[in-house]
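Q: Sending over a structure as structure tokens; questions will come in a sec.
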Amino acid sequence: MSGQLKADELRGRVVGAANALFTAGVMSHSGHGNLSARIDAQRFLLTTTGVVRDLRFDQLATVTVEGAVEDGDLAPENAEIVAMHSVVYRARSDVAAIIHTHSPAVTAFALAHQPLPCRAEPLLRFGQAEPVPVAPWGPRGSQVSVRGIAALLAETPTTSAVLLANHGLLCFGEDPLSTARLVVAMEEAARPSWRPVPSVAQWTSRAMPCGKYVSRWGGSDPGRDPRTRELRPGRGRASRVGRGRGCCRPRRR
């Protein structure tokens, strides 16, 4: 098979994997994600945009593991994550495809800094026979983040996925479609496992390294709704959200 024919075939597989993720309903509302597929030891295809809904063949660039773009134009948000893909290809010669998503249920575990347990049978079938570990948080695409992923892959050489703390999921496999199937299996396994995740009162106030609190409503003050600035107590239960600023208690009825 010629190199060009192989690249064209890979483009079709990556587009098919992206479509499969949306068909299964495991993507975030934003449609954010990125996918790649190895061409050879030094090059891989990478999606050029951060939104992969209705991905097209021409939205894939050829990139080297050193970060050079040989063909295509990467949007700034995807130029940042070349190293995130490269570090996996360097560490795992068996990996031929990588998918990053913000799948909601799996991302809940990443936000809580909790490994996703291997409890559901489909995880075993699609290659994840151990808990999915959590890589420490680092700014998106930074060397801090990349070093954390590399260290975790060295510690867990047989894992097929990594949770990125405070961020999302990085999943990898032998081809784009089987990797997409593992993403689906992980999201389905995570949904019934929500209860073992630390309660909202514990994990929605987890501080980022900058010291700001991340709330379930998306603001920096976990005790208030950012749209109305009103306190948001729980439904009859204590909803104290952390011990720092922005704590709130339920109103007396």
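Coordinate-derived values only; no laboratory data. Since the structure is predicted, the reported quantities are computational estimates derived from the model, not experimental observations. Cβ placement follows ideal geometry from the backbone for every residue including glycine, while neighbour counts extend to all protein chains displayed.
Q: Where in the stretch 96-122 is the amide nitrogen less than 20 Å from a point lying 7 Å along the Cα-to-Cβ axis of ALA151?
A: It comes to 110-116, nothing else.
Q: What's the extension gain from VAL51 to ARG90 if we count 0.36 nm per residue and subtract their Cα-Cα distance?
A: The span from VAL51 to ARG90 would gain 11.5 nm if fully extended.
Q: In nm, to one decimal, how far is the modelled label at ARG191 from the one at THR64, with both set 7 Å along Cα→Cβ?
A: 4.4
Q: Sorted by mean Cβ packing within 10 Å, highest first, what order do the peptides 68-80, 155-167 take?
A: Sorting 68-80, 155-167 by mean packing, highest first, produces 155-167, 68-80.
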